[in-house]
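J.: First, the structure itself, so that you have it in front of you.
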Amino acid sequence: MNLLINSPSWNYREGELYCEEVPLKRIARKVGTPVYVYSRRHLVEAYREIISAWRGRSHLVCFSMKSNSNRAVIRTLVGEGSGIDVVSGGELFRALRAGAPPEKIVFAGVGKTEREIIEGIEAGILFFTVESLPELELISRTADRLGKTAPVALRVTPDVDPKTHRYITTGKAENKFGLDREEALDFYRRCLKLPGIAPVGIHMHIGSQILQTAPFREGVDRLVGLLKKLKGEGISLKYLDIGGGMGISYQGEEPPPAAAYASALRPLLKGLRLTVILEPGRFITGNAGSLLTSVLQVKKKAKKSFVIADGAMNDLIRPALYEAWHQIVPVSPGKGKPRRFDVVGPICETGDILGAGRSFPEPAPGDLLAVLSAGAYGAVMGSNYNSRPRPPEVLVDGDTFRIVRKRETYRDLVRGELD
Ligand SMILES: Cc1ncc(COP(=O)(O)O)c(C=O)c1O
């Protein structure tokens, strides 16, 4: 079988699918299925690719942990020097617990609560991104009351079309995120008058799974225009945060490498003394992970054949939520003639599909399938729907692997319930 993802960490060897040097069947035998499997090597290599693309320019990568918040994943990246992009008090808690240095944490999110703001201020994060006037005022009041100054970066909507799925487009004028470009100058002027606020940066995030450099260039160009106007008014910012969004290959797309983004943006930044912040999520974690699932049965109906797997939409909701396409491959493909199947889970929803119209030799119950490119927005979006315990997560490192999150139990399902 031909793997369509861009990761050397996943390969067939003698007819068996491996993650790094570990055959997936060994993991399934030891841990059971469904299970998320991550390649440590992929995480590190993707992170280093970005770092080396920006060498020579002051920069900070803040890994977007909404894509994958497993502690071992965060620790791996923090160990490489990464900062973290968080979007909630819960993510801040996890990031700190995983050892992320607070001075490398940026706190985004379209509606932060007062409690979350207090937590961010008390932790001493690098900055909050601010998305509205009420939020700016709330941060100001809260910091002032605590006798502190909160560093902020205003999230500006550059109004560019990233040409991606409408559900993951965030930088257009009609999206709920950010401040209109026209209002931005006024907001910075207001920052100077409010107590407890220090404007330190400007932020954009135009969308996710972007496969071209042009939308980034357009967005950064617009932000740089604003930076220059601000400078003219005596407001000098230290950080230009260009968000996340770099795409990956799910089905043979050819995403630009990190170096292509850096070379497209560097000329725009010439002469500007600031630190570029990047918030990649999917680029680092997407192709680091797969959901490994076992076939429960093959069901042939008059119009269609189904492979019913033990992994389902509660484990990986992206196909149901965004019509996302993940390559699904047999772990031991064998030599049979390929047939067409819809790969579905056991949940009572027609939308419980992992992949429709997939071709591979007819599997037998117990055979393993790998749903590829599931490291980003996979486990983090998992739920207990149909009272299904969430799957464990495993981190592969060379020829060894370890469980980095235990499989949930039935007891976990009812923990916290009261009569
Ligand atoms: C503010 C912000 N930064 C970074 C990201 C990460 O995006 P991606 O995983 O596409 O890199 C997101 C994703 O929604 C985001 O909203």
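The values are calculated or read from the model by the stated rules, or taken from the named source; none is laboratory data. Keep in mind that this is a model prediction, so the values were computed, not measured. FYI the Cβ positions are ideal-geometry reconstructions off the backbone, even for glycines, and counts take in every protein chain you see. Heads up: the accessible areas ignore ligands, DNA and RNA and are worked out on the full protein's heavy atoms, side chains in. Shrake-Rupley method; radii C 1.70, N 1.55, O 1.52, S 1.80 Å.
J.: Give me, ordered by chain and number, the residues 5 or more places off LEU60 or on other chains with an amide H under 5 Å from its own placed amide H.
T.: Those qualifying (amide H under 5 Å, at least 5 residues apart or on another chain) are VAL276, ILE277, LEU278.
J.: About its Cα centre, how strong a charge dipole does the stretch 195-279 have in debye, to the nearest 20, once Lys and Arg get +1 and Asp and Glu get -1 at the Cβ?
T.: Here the size comes out at about 520 debye.
J.: A further question follows. For ALA309, enumerate residues with amide H under 5 Å from its amide H, sequence gap 5+ or separate chain, H modeled in the peptide plane.
T.: Residues meeting the amide H criterion: LEU296, VAL344, GLY345.
J.: In addition: Measure nothing but the geometry: give the 0 to 90° angle between the long axis through the Cα atoms of 181-193 and the longest principal axis through the Cα atoms of the chain, rounded to 10°.
T.: 60 degrees
J.: Still on this model: Output the 0 to 90 degree angle, nearest 10, between the alpha-carbon long axis of helix 214-232 and the longest principal axis computed from the alpha carbons of the chain.
T.: 20 degrees
J.: Loop-only trypsin sites (Lys or Arg not before Pro) in the stretch 1-106, please: DSSP not H, G, I, E or B, and at most 13 other Cβ atoms within 10 Å.
T.: Passing sites in the stretch 1-106 are ARG55.
J.: What are the ³J(HN,Hα) values, in whole Hz, obtained from phi via the Karplus relation 6.51 cos²θ - 1.76 cosθ + 1.60 with θ = phi - 60°, for each residue of the stretch 132-148 in sequence order, with x given for Gly and Pro?
T.: Per residue, the Karplus-derived 3J(HN,Hα) values read 7, 5, x, 5, 4, 5, 5, 5, 4, 4, 5, 5, 4, 4, 7, x, 10 Hz.
J.: Something else: Principal axis lengths of the chain from Cα atoms, whole Å, largest first?
T.: If we take the Cα atoms of the chain, the spans are 70, 56, 41 Å.
J.: Once amide H atoms are built 1.01 Å from N in the peptide plane, which residues 5 or more positions from ILE197, or in another chain, come under 5 Å H to H?
T.: ALA150
J.: A further question on this structure: Which one of LEU296, PHE283, LEU240 is farthest out on the positive end of the charge dipole of the stretch 203-350, using unit charges on Cβ (Lys, Arg +1; Asp, Glu -1) and the Cα centre as origin?
T.: The listed residue farthest towards the positive side: LEU296.
J.: Could you compute how fast the stretch 206-245 diffuses translationally, taking Rh as the Kirkwood radius over C-alpha pairs and applying Stokes-Einstein at 4 °C with viscosity 1.567 mPa s? Give it in µm² per second.
T.: Roughly 115 µm²/s, to the nearest whole number.
J.: Starting at 0 and stepping by 10 Å, how many percent of the alpha carbon pairs of the stretch 1-78 end up in each bin?
T.: 15, 39, 33, 11, 2
J.: Please report the antiparallel percentage of DSSP beta bridges with both residues in the chain, rounded to the nearest 5.
T.: 50 percent
J.: Please state the relative contact order of the stretch 108-280 as a whole percent: Cα pairs under 8 Å, 6+ residues apart?
T.: Contact order relative to length: 20 percent.
J.: Give a quick list of chymotrypsin sites (Phe, Trp or Tyr not before Pro) in the stretch 341-419 that DSSP marks as loop, anything other than H, G, I, E or B, with at most 13 other Cβ atoms within 10 Å.
T.: Nothing satisfies the criteria.
J.: Can you give the relative contact order of the chain as a percent, counting alpha carbon pairs under 8 Å and 6+ residues apart?
T.: For the chain, the relative contact order is 20 percent.
J.: Shifting gears a bit: Mind checking the stretch 276-311 for trypsin sites (Lys or Arg not before Pro) that DSSP puts in a loop (not H, G, I, E or B) and that have at most 16 other Cβ atoms within 10 Å?
T.: Sites meeting the loop and neighbour criteria: LYS301, LYS303, LYS304.
J.: If the limit is 28 Å between Cα atoms, which of LYS66/LYS270; LYS66/LYS299; LYS25/LYS335; LYS299/LYS337; LYS25/LYS163 go over it?
T.: Violating the 28 Å Cα-Cα cut-off are LYS66/LYS270; LYS66/LYS299; LYS25/LYS163.
J.: OK, next. Is there a quick way to get the dipole size of the stretch 1-147? I mean about its Cα centre, with the Cβ of Lys and Arg at +1 and of Asp and Glu at -1; what is the value in debye to the nearest 20?
T.: 640 debye
J.: Shifting gears a bit: Nearest 20 debye, what's the magnitude of the dipole of the stretch 108-280 about its Cα centre given +1 on Lys and Arg Cβ and -1 on Asp and Glu Cβ?
T.: In debye, rounded to 20, the stretch 108-280 gives about 560.
J.: Okay, moving on. Determine, at each q value in 0.10, 0.15, 0.18 (inverse angstroms), the log₁₀ of I(q)/I(0) that the Debye formula gives when each Cα of the stretch 108-280 is one equal point scatterer.
T.: Scattering profile of the stretch 108-280, log10 relative to I(0): -0.38, -0.83, -1.13.
J.: Set Lys and Arg Cβ to +1 and Asp and Glu Cβ to -1, take the dipole of the stretch 1-137 about its Cα centre, and tell me which of PRO134, ASN11, VAL37 lies farthest positive.
T.: So the residue furthest toward the plus end is ASN11.
J.: While we're looking at this one, here's another question. Could you give each residue of the stretch 397-409 its phi-based ³J(HN,Hα) in whole Hz, using Karplus coefficients 6.51, -1.76, 1.60 with θ = phi - 60°, and x for Gly or Pro?
T.: For the stretch 397-409, the Karplus curve yields 9, x, 9, 10, 8, 9, 6, 10, 7, 6, 5, 6, 10 Hz.
J.: Give me the accessible area per residue for the chain, probe 1.4 Å, as a whole number in Å².
T.: Each residue of the chain exposes 44 Å² on average to a 1.4 Å probe.
J.: Sticking with this one: At a 1.4 Å probe radius, carbon and sulfur cover how many percent of the accessible area of the chain?
T.: After summing per-atom areas, the C and S share lands at 49 percent.
J.: Treat the stretch 312-419 as a sphere of radius equal to its Kirkwood radius over Cα pairs and apply Stokes-Einstein at 10 °C in a medium of 1.306 mPa s; give the translational diffusion coefficient in µm²/s, rounded to a whole number.
T.: Answer, rounded: 102 µm²/s.
J.: To make sure I understand the rule: partners must be aspartates and glutamates, Cα under 18 Å from the Cα of LYS304, and not fewer than 8 residues away in the same chain. Which ones qualify?
T.: Straight-line reach from LYS304, under 18 Å: ASP342, GLU349, ASP352, GLU362.
J.: Could you tell me the center-to-center distance, by alpha carbons, between the stretch 300-345 and the stretch 357-419 in angstrom?
T.: 15 Å
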